[in-house]
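Enquirer: Quick one: this structure, given as structure tokens, is what I'll be asking you about.
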Amino acid sequence: MNPLEKHPNATPETVWALMQEAAQLRKENEERYERYERRMKKMEATMGAWTNSHGSFAEEYFFNAFENEEKNFFGEHFNEIGKNVSNFWEGLKDEYDIVLYNDTSVALIEVKYKAHENDIEQVLKKAETFRILFPHYKDFKIYLGLASMSFYPVLEQECAKQGIAVIKQIGDTVIINDAHLKVF
């Protein structure tokens, strides 16, 4: 409804007052929206910090499990371990959460606090990017693993189908299912 219809006997003064009131309401709405935006940004930052914290916890947990146990994995013994290994070359950049090395093989382990099926494509891509970013390993066998504090059956089945090892926490133990593992 047109505001002037409410006031059939409007004068220039009342029209001016209505315009000032509308301007004030608009200003208050803009301020409310800005406060809302600031709160949302703070909440997003907090949520991001929680997510990063969970991810860091999972990475540390699985790294310590590999570092403290014998590094027999994928039927091979690995004598070196790396954490958050990254490289950048010709516009390509990637990071590998846990990398196990020996004289002929490399195991790339992607760590998630709670893994999802869409993580599988990311894990598979790691073999490609590793060979490009670390060319001195181009002739090595590459094994892939997905480590997570939480797996669901469909995800485990898809990992097995793709030849990716499932590494998960059960109680205080790290369980590795590499029965369907393939070399990449």
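The values are calculated or read from the model by the stated rules, or taken from the named source; none is laboratory data. Owing to the predicted nature of the structure, the values given are computational and were not obtained by experimental measurement. No Cβ is skipped: glycine too gets one built from the backbone with ideal geometry, and neighbour counts run over all protein chains shown.
Enquirer: Taking the stated definitions as given, is Ser105 closer than 17 Å to Phe74 by Cα and small (Gly, Ala, Ser)? Break it down into steps so the answer makes sense when it comes.
Expert: Values: closer than 17 Å to Phe74 by Cα: yes; small (Gly, Ala, Ser): yes.
So Ser105 passes the test.
Enquirer: May I pose another question? Test Glu60 against the stated conditions and say whether it is assigned to a helix (DSSP H, G or I), surrounded by fewer than 15 Cβ atoms within 10 Å (Cβ to Cβ) and out of contact with any helix residue (DSSP H, G or I) (no Cβ under 9 Å at 6 or more places or on another chain). Explain how you work it out, then say what you get.
Expert: On the way: assigned to a helix (DSSP H, G or I): yes; surrounded by fewer than 15 Cβ atoms within 10 Å (Cβ to Cβ): yes; out of contact with any helix residue (DSSP H, G or I) (no Cβ under 9 Å at 6 or more places or on another chain): yes.
The answer is yes for Glu60.
Enquirer: Name every residue in the range 118-137 that is assigned to a loop (DSSP other than H, G, I, E, B) and surrounded by 19 or more Cβ atoms within 10 Å (Cβ to Cβ), in order of residue number. Can you show your working first?
Expert: Filtering the range 118-137 down to residues assigned to a loop (DSSP other than H, G, I, E, B) leaves 118, 134.
Within the range 118-137, none qualify.
Enquirer: Would you call Glu156 without any contact (Cβ under 8 Å) to a residue 24 or more places away in the chain and within 16 Å of the chain's Cα centre (by Cα)?
Expert: No.
Enquirer: State yes or no: is Glu95 acidic (Asp, Glu) and either modelled with pLDDT of 95 or more or within 27 Å of Ile170 (Cβ to Cβ) (or both)?
Expert: Values: acidic (Asp, Glu): yes; either modelled with pLDDT of 95 or more or within 27 Å of Ile170 (Cβ to Cβ) (or both): yes.
It is true that Glu95 is acidic (Asp, Glu) and either modelled with pLDDT of 95 or more or within 27 Å of Ile170 (Cβ to Cβ) (or both).
Enquirer: Can you tell me which residues in the range 126-184 are closer than 21 Å to Phe57 by Cα and of a type in the set (Phe, Trp, Tyr)?
Expert: If the condition is that a residue be closer than 21 Å to Phe57 by Cα and of a type in the set (Phe, Trp, Tyr), then Phe151, Tyr152 are the ones that fit.
Enquirer: When only residues in the range 157-177 that are modelled with pLDDT of 95 or more and farther than 20 Å from Tyr96 by Cα count, which is surrounded by the fewest Cβ atoms within 10 Å (Cβ to Cβ)?
Expert: Lys161
Enquirer: Now a separate question. Mind listing whichever residues of the range 91-117 are touching a strand residue (DSSP E or B) at 6+ places or on another chain (Cβ under 8 Å), assigned to a loop (DSSP other than H, G, I, E, B) and surrounded by fewer than 22 Cβ atoms within 10 Å (Cβ to Cβ)?
Expert: Filtering the range 91-117 down to residues touching a strand residue (DSSP E or B) at 6+ places or on another chain (Cβ under 8 Å) leaves 93-102, 104-115.
Next, from what is left, pick out any that are assigned to a loop (DSSP other than H, G, I, E, B): 102, 104, 113-115.
Matches in the range 91-117: Asn102, Thr104, Tyr113, Lys114.
Enquirer: May I ask you to list the residues in the range 64-85 that are part of a strand (DSSP E or B) and touching a residue at least 24 places away in the same chain (Cβ under 8 Å)?
Expert: Looking only at the range 64-85, we keep the residues that are part of a strand (DSSP E or B), and these are 72-73, 76-77, 80-85.
Scanning the range 64-85 gives Phe73, Glu76, His77, Lys83, Asn84.
Enquirer: Report yes if some residue within the range 36-56 is at pLDDT 80 or above and within 29 Å of the chain's Cα centre (by Cα); otherwise report no. Let's see the steps before the verdict.
Expert: First, the residues of the range 36-56 that are at pLDDT 80 or above: 56.
Those still in the list that are within 29 Å of the chain's Cα centre (by Cα) too: 56.
Yes, the range 36-56 has at least one match.
Enquirer: Would you check if Lys126 is modelled with pLDDT of 95 or more, more than 21 Å from the chain's Cα centre (by Cα) and at negative phi?
Expert: Working: modelled with pLDDT of 95 or more: yes; more than 21 Å from the chain's Cα centre (by Cα): no; at negative phi: yes.
Considered against the rule, which asks whether it is modelled with pLDDT of 95 or more, more than 21 Å from the chain's Cα centre (by Cα) and at negative phi, Lys126 comes out as no.
Enquirer: Can you name the condition, by its number, that Phe151 falls short on among (1) modelled with pLDDT of 95 or more; (2) buried (at least 16 other Cβ atoms within 10 Å of the Cβ)?
Expert: The number of the failed condition is (1).
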